[in-house]
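Working notes, structure below.
Laboratory data are not the source of any read-out in this text; all were calculated from the coordinates shown. It should be emphasised that the depicted structure is a prediction, and the values quoted were computed from it without experimental measurement. Ideal geometry is used to build each Cβ from the backbone, glycine not excepted, and the neighbour counts take in all protein chains shown.
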Amino acid sequence: MAKYVFVTGGVVSSLGKGLAAASLGCLLQALDYKVTIQKLDPYINVDPGTMSPFQHGEVFVTDDGAETDLDLGHYERFLGHPMSRNNNYTTGRIYQNVIRRERRGDYLGSTVQVIPHITDAIKEAILSAAGGAHIAIIEIGGTVGDIESLPFLEAIRQLRIDLGRENTLFIHLTLLPYIPTAGELKTKPTQHSVKELRAIGIQPDILICRSDREIPDGEKKKISLFCNVDRDAVVSCVDQDSIYKVPFALYREGLARKVINLLHLPGNEPHLGDWEEVLRRVEHPAKRRVTIGIVGKYVDLTEAYKSLSEALTHGGIANDCRVSLRWVDSEDVQESDPASHLKGVDGILVPGGFGERGVKGKIAAIRYAREQGMPYFGICLGMQMAVVEFARNVAGLERANSSEFDENGPDPVISLMTEWVEGNQTQRREKGSDLGGTMRLGAYPCVLQPGTKAAEAYGTLKISERHRHRYEFNNAYRQRLEAAGMRFSGESPDGRLVEMIELPDHPYFVACQFHPEFKSQPRQPHPLFTAFIKAALERGA
């Protein structure tokens, strides 16, 4: 039977429950336990796919095509195995499932209520997440005290009764704010947060206390006394300058040992050798620093590019160098003077995105990279705009899209694809359809062309990558662009869809339709990010 660890948060939001859960999972995995993690989000959206990045941050896509919370990216990066749609449930998805059952008559005429129907559906989702894992870590989104999260908290309260204390454990993450005028850390917010939990029947077994400085032993004793928690279960988590230091910080506080003791599990010392090497390369890289300019439209909220920034860090880990990021708002890049924002970088990356805003700046940045021999890496929209820039300025196609949304012109270079092949059957999708609207989501196979930079990076010709996009390259222009010097280095197995392009006469100009950042991990950096950072290093050598 699986053991369940429930992680809740209090005092303020965005404390890092996802990182804490992922770090704990990493430590338990290093003790040779099979671990999985699930995120339960209290918002009513069915998934974050339609939410603005400015509100929610990145949408992380799994192999099975689920649009999920960005914390699933942390889970994959720290645990090293893929998540699925079963690892992320929202209030909207839970209610949607319950209402469907009610419409089918599954409840046999019962009045459908939050308790027991909604809470039972939540418990089903939690129990299904474990699979074959020894330990399932369940992160409850939001902050204790929010009305939205009450059904989830009630569900996990019931699960302790259903499964027993030896199989369940409650961890509560709180903030200890420092008051400069008083010169001390304050424990009262933590006390009140625990009081909120206890009022609904949940007594935390472990407290993880976030702070910007070390927590004095006296304050830990105070928290233990007033929150009714064992002294050794008050765990300090001081702010770190790298997320890859968090597992070590929690390990030094004895978190993993406390968890396995409370769950009545055996365990020795965790095997953290590979993580120590990751941390060594992050803190003390052997090679010089490289600077990458990221030209995007959500740069005011870098959480919108969380997997991307981490994947670039992983590329640095693979090359034993430090990667600095220069965030450039694509709306600020002028067609007449892109150098004013990009001068001094060692490589340029244009990431994915939706909407017309900032497209001209991205095209200007791409042209600058192409003409200056600057290493360039385009992802999703970054590939589409690279094709448009090349079509206009090299191939001389005057009617190349004015933007990626110009679907009404004669055979636009980048256009909305309405048909694609799924297995042996041609499917058709329409806007707003149950097939995901106009989105191509999840992992799809890709075949690479031998002798290309893409094939060299991967070391194989058959790959699978995750997608999240509405538009595709129009094959009607393929011969014209090939004649002008563009190489189509990756495509779908049936040859209908272009997946990668590159410029053979450029030091490094590679772009892909998929999102490789979703598969990059610190212990397994993605080949394309590794190759891109290597090219940036060679340019600056």
Tally the DSSP beta bridges in the chain and give the antiparallel ones as a percent, rounded to 5.
35
Can you tell me which of 118-124, 182-188 comes out highest on packing, and rank the rest after it, using the mean Cβ neighbours within 10 Å?
118-124, 182-188
Quick one: check the C-alpha center-to-center distance for the stretch 340-357 versus the stretch 1-62, whole angstrom.
30
Sort the following peptides by mean Cβ neighbour count (other Cβ atoms within 10 Å, averaged over residues), highest first: 43-50, 17-24.
17-24, 43-50
Could you list H341, H264 so that the one with the fewest beta carbons within 10 Å of its beta carbon is first and the one with the most is last?
H264, H341
Which is farthest toward the positive dipole end of the chain among Y33, V61, I215, measuring Cα position about the Cα centre, with Cβ charges +1 (Lys, Arg) and -1 (Asp, Glu)?
I215
Spelling it out for Q38: with amide H atoms placed in the peptide plane at 1.01 Å from N, the residues 5 or more places away or on another chain with amide H under 5 Å from its amide H are I137, I138, E139
How many angstrom lie between the C-alpha centres of the stretch 249-300 and the stretch 145-210?
25
Using Cβ counts within 10 Å as a stand-in for footprinting exposure, how do K297, K195 rank, fewest first?
K195, K297
